[in-house]
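The values are calculated or read from the model by the stated rules, or taken from the named source; none is laboratory data. As the structure is a computational prediction, the values presented were derived from the model and not from experiment. We place every Cβ from the backbone using ideal geometry, glycine too, and count neighbours over all the protein chains shown.
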């Protein structure tokens, strides 16, 4: 039986180990809060080599570079809090002489040419009833364009019995450089990755759906020229086939022990979609490190409410505006106040008091790229008592200097308001404007 890795960390701290969380971001913040609330323990320090982060967390845990932490504390055990950089950090720790047994979420790594997203994500897409197939997306070079690299899973006598064979076939084609779109991709370069012989290599699991045509609201990708032209009607009433598919993939036992799980699905019938995912995880004896929900929060969902009572998830709240009129332009639905009221309902139940309800502000040129609009957004989330903010940028527009200046002003306002910026790396423009680390240049 698998063990919840959060429980394992708590046990090791209670047994006297000096546990350091490596990489200070939303995962580390979540773990600190979870350990403190449910087990009344905390890590001895946070390690992050970004000098801008040096100092202390809100819980008075020191944030130190690796060398300083090693000088300050004896016999450190490390837990790496990152989906994107875990394997790189493991490789560098090994280079510095750290032993694998000192890394709580250790997996064997090697330096080779390969693609991080290809090898560490299980993005399970629920197809429509009409085409009778589901698929696994492998490519993330541009998440907001039609995906061309995927593995289709036809329903083989209702069992998906050849799923492993189909996955291996895709891997072999990638390893032999037979997949054309991967050959010159910027993501496909020499880096630390899980050893090819190691089975449990997927670091992230996502439940996805083939079409967003049943969304309750439009989003920025549709209103500024994204995938709206490719929308098609899809029926998702019958989840039985999808459950068989998901369980077959999960029972291959290819997930890392500290995997994160996300639900990237429209809000229509979201309770049913989340229930299906949670049922599959439970039956396959998996415990995600954290569950991420991406949502406009137009409707209240009992399943999300239950998870928030137990501290199991955090939510990326797609808000993108500070007032009703701008919200209508972006979402193409008059639901600004309704969304805010939904958040208030979750806040009343949330064991972490809204710390991990993360409002997202995606900057759209000509619609919400004004100081007045962003100031209204900040006032709303401060009044709600939220702490973390996601800042992103229209994926279909190039960034000019005045846009970069606006991004920097937004960041300064976030910091001066006592809020934290998270979820930066999904937008090249944000990371460039703020001169922050980007996965493409690791």
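Residue 101 fulfils the conditions (1) in the same structural domain as residue 274 (by TED's automatic domain parsing); (2) more than 18 Å from residue 245 (Cα to Cα); (3) part of a helix (DSSP H, G or I); (4) modelled with pLDDT of 90 or more except for a single criterion, (1). Residues that are at pLDDT 85 or above and either on the phi > 0 side of the Ramachandran plot or not assigned by TED's automatic domain parsing to the domain that holds residue 257 (or both): does region 168-182 have at least one? Yes, region 168-182 has at least one match. Checking each residue in region 304-341 for being assigned to a helix (DSSP H, G or I) and touching a strand residue (DSSP E or B) at 6+ places or on another chain (Cβ under 9 Å) picks out 304, 307, 308, 330, 331, 339.
Within region 11-27, being over 11 Å from residue 104 (Cβ atoms) and either buried (at least 20 other Cβ atoms within 10 Å of the Cβ) or at pLDDT below 95 (or both) holds for 23, 24, 25, 26, 27. Within region 10-34, the residues that satisfy the criterion of being in a helix (DSSP H, G or I) and more than 19 Å from residue 292 (Cβ to Cβ) are 10, 11, 12, 13, 14.
Report, by residue number, each residue of region 278-303 that is within 15 Å of residue 255 (Cα to Cα), outside any loop (DSSP other than H, G, I, E, B) and touching a strand residue (DSSP E or B) at 6+ places or on another chain (Cβ under 8 Å).
281, 291
The selection criterion, being touching a residue at least 24 places away in the same chain (Cβ under 8 Å), over 20 Å from residue 15 (Cβ atoms) and touching a strand residue (DSSP E or B) at 6+ places or on another chain (Cβ under 7 Å), holds for residue 83. Against the test of being in contact with a helix residue (DSSP H, G or I) (Cβ under 6 Å, 6 or more places away or on another chain), at pLDDT 95 or above and farther than 14 Å from residue 380 by Cα, the options 350, 334 yield a single qualifying residue, 350.
Taken over region 366-381, residues that are in a loop (DSSP other than H, G, I, E, B) and in contact with a helix residue (DSSP H, G or I) (Cβ under 7 Å, 6 or more places away or on another chain) amount to 3.
Scanning region 201-237 for residues that are over 30 Å from residue 108 (Cβ atoms) and outside any loop (DSSP other than H, G, I, E, B), which turns out modelled with the lowest pLDDT? Result: 229. Of the residues making up region 243-273, those that are in a helix (DSSP H, G or I) and in contact (Cβ under 8 Å) with a residue 60 or more places away in the chain are 244, 245, 246, 248, 249, 273.
Summed over region 138-151, residues that are at pLDDT below 85 and touching a strand residue (DSSP E or B) at 6+ places or on another chain (Cβ under 6 Å) total 2.
Each row is one residue, and each column tells you yes or no for (1) under 18 Å from the mean Cα position of the chain (by Cα); (2) surrounded by fewer than 16 Cβ atoms within 10 Å (Cβ to Cβ).
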residue	(1), (2)
254	no, no
279	no, yes
289	yes, no
292	yes, no
309	no, yes
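Residues that are modelled with pLDDT of 95 or more and more than 25 Å from the chain's Cα centre (by Cα) are absent from region 80-91.
Checking each residue in region 37-62 for being surrounded by 14 or more Cβ atoms within 10 Å (Cβ to Cβ) and assigned to a loop (DSSP other than H, G, I, E, B) picks out 41, 42, 43, 44, 48, 49, 54, 57, 61.
Considering region 63-72, the residues that are surrounded by fewer than 16 Cβ atoms within 10 Å (Cβ to Cβ) and in contact (Cβ under 8 Å) with a residue 12 or more places away in the chain include one that is farthest from residue 94 (Cα to Cα), namely 72. Taking the criterion of being closer than 21 Å to residue 276 by Cβ and free of Cβ contacts under 8 Å to residues at least 40 places away in the same chain, would at least one residue in region 307-329 satisfy it? Yes, that holds for at least one residue.
Just so you know, in region 173-200 the residues that are assigned to a helix (DSSP H, G or I) and within 27 Å of residue 106 (Cβ to Cβ) include one that is nearest to the chain's Cα centre (by Cα), and it is 174.
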